[in-house]
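Peer 1: Okay, here's the structure, questions in a sec.
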Amino acid sequence: MPSTAARLFVIAAPSGAGKTTLVKALTTRNPELRFSISYTTRPKRRNEAHAVDYLFVDKSEFERLRSEGALLESAEVFDNFYGTSREQVEKHLAAGHNVILEIDWQGARQVREAMPDCITVFILPPSREELERRLRSRGTDTEAVIERRLRDALSDMSHWDEFDYVIFNDDLDQAVADLEAVLAGRGQGSATDNPGVRAAANALLR
């Protein structure tokens, strides 16, 4: 693929929407994609590895990266900082690879300002009940943390219409297929201005 054809795809979602699982399935099925590994200051979970899931750094190192302009975007989420390596994204694009960013809506807004040609996708859960079930099924958070994540997730969901496309992650295989269609330029059925998409998203937030 020539470098001029490479695109940056920004994928955001509320906590519990299944974004990480969806992106992992997408990159497994499409090995030519490049996934930008984010920096984070949050503690590493038991099933995570440095430089695979995240680049784990302390707050002083994160602040250094941000002050030097090394981050394409950064955001504070649940009292931890997250950021995208500008160099990593630009290197993959220059090599002709489509790049996937898995970030939150705050970061997506910053990336749109810095790279307006990017394509943005927001992932929504099929229902509020399923969102809560997924948050509870992790088994790693206290009740207070779960309640906070649920409140913040519902707030995050209100930003869906800032994105180019919206995908409902009910069935994983279907959601991956919908995302692949967007990457291939055939995502009209998931476009934010699609009346069916707008109706479903608005119903979820009522």
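The values are calculated or read from the model by the stated rules, or taken from the named source; none is laboratory data. Worth saying up front: this structure is predicted, and the values here are computed from it rather than measured. So basically every Cβ, Gly included, is an ideal-geometry build from the backbone, and we count neighbours across all protein chains shown. Surface accessibility is based on the protein's heavy atoms, side chains included, excluding ligands, DNA and RNA. Shrake-Rupley method; radii C 1.70, N 1.55, O 1.52, S 1.80 Å.
Peer 1: Per residue, how much accessible surface does the stretch 1-123 expose to a 1.4 Å probe? Answer in Å², no decimals.
Peer 2: 48
Peer 1: Quick one: of the DSSP bridges fully inside the chain, what percent are antiparallel, nearest 5?
Peer 2: 35
Peer 1: So, counting K/R as plus one and D/E as minus one, what does the shell of residues with Cβ under 13 Å around R45 add up to?
Peer 2: +1
Peer 1: Quick check on the stretch 73-191: take the gyration tensor over C-alpha atoms, sort the square-rooted eigenvalues as a ≥ b ≥ c, and tell me if it's rounded (a/c under 1.5), prolate or oblate.
Peer 2: It comes out oblate by the Cα gyration axes.
Peer 1: For the chain, what is the mean residue ellipticity at 222 nm derived from helices alone (per DSSP H run of n ≥ 4: -39500 (n - 2.57); sum divided by total residues; nearest 500 deg cm²/dmol)? Intermediate values should be presented prior to the final figure.
Peer 2: Working: 8 runs with 87 residues, N = 206.
The helix-only estimate for the chain comes to -12500 deg cm²/dmol at 222 nm.
Peer 1: In addition: Can you work out the Karplus-derived ³J(HN,Hα) for every residue in the stretch 118-127? Use 6.51 cos²θ - 1.76 cosθ + 1.60 with θ = phi - 60°, whole Hz, and x for glycine or proline.
Peer 2: With coefficients 6.51, -1.76 and 1.60, one gets 5, 10, 10, 10, 10, 9, 10, x, x, 7 Hz.
Peer 1: Taking square-rooted eigenvalues a ≥ b ≥ c of the alpha carbon gyration tensor, is the stretch 93-140 rounded, prolate or oblate, where a/c under 1.5 means rounded and, failing that, a/b exceeding b/c means prolate?
Peer 2: prolate
Peer 1: At a threshold of 8 angstrom on Cα-Cα distance, excluding pairs fewer than six apart, so keeping six or more, what relative contact order does the chain reach in percent? Walk me through the numbers on the way to the answer.
Peer 2: On the way: 320 pairs, mean separation 58.1, N = 206.
Relative contact order comes out at 28 percent.
Peer 1: Please enumerate, by chain and number, the lysines with C-alpha under 25 Å from the C-alpha of K44, excluding those fewer than 8 residues away in the same chain.
Peer 2: K19, K24, K59
Peer 1: I've got another one for you. Does the stretch 27-106 come out rounded, prolate or oblate by the C-alpha gyration tensor, with a ≥ b ≥ c the root eigenvalues, rounded set by a/c under 1.5 and, if not, prolate when a/b is larger than b/c and oblate if not?
Peer 2: Oblate is the answer for the stretch 27-106, as a/c is 1.5 or above yet b/c matches or exceeds a/b.
Peer 1: Can you order the peptides 42-51, 153-162 by their average number of other Cβ atoms within 10 Å per residue, highest first?
Peer 2: The peptides rank, most packed first, as 153-162, 42-51.
Peer 1: Moving to a separate point now. Of the residues V121, V182, V52, which exhibits the maximal mean-square fluctuation in a Gaussian network model of the chain defined by a 10 Å Cα contact cut-off?
Peer 2: Looking only at V121, V182, V52, the largest GNM fluctuation is found for V52.
Peer 1: Quick check: Cα centre of the stretch 1-76 to Cα centre of the stretch 106-179, how many Å?
Peer 2: Value for the Cα centre distance between the two parts: 15 Å.
Peer 1: Based on the alpha-carbon set only, what is the convex hull volume of the stretch 126-206 divided per residue, in Å³?
Peer 2: Value for the stretch 126-206: 99 Å³ per residue.
Peer 1: Quick check: residue separation of D171 and N47 times 0.36 nm, minus the Cα distance between them. What number comes out in nm?
Peer 2: Working: separation 124, 0.36 × 124 = 44.64 nm, distance 2.36 nm.
Contour length minus the Cα-Cα distance gives 42.3 nm.
Peer 1: Rule-of-thumb check for the chain: C-alpha Rg over 2.2 N^0.38 Å?
Peer 2: Relative to the 2.2 N^0.38 Å estimate, the chain comes out at 0.99.
Peer 1: Something else about it: Can you give the FRET efficiency for R128 and A95, using 1/(1 + (r/R0)^6), R0 = 35 Å, r = Cβ-Cβ distance, to the nearest 0.05?
Peer 2: Numbers: r = 41 Å, r/R0 = 1.18.
Using R0 = 35 Å, I get an efficiency of 0.25.
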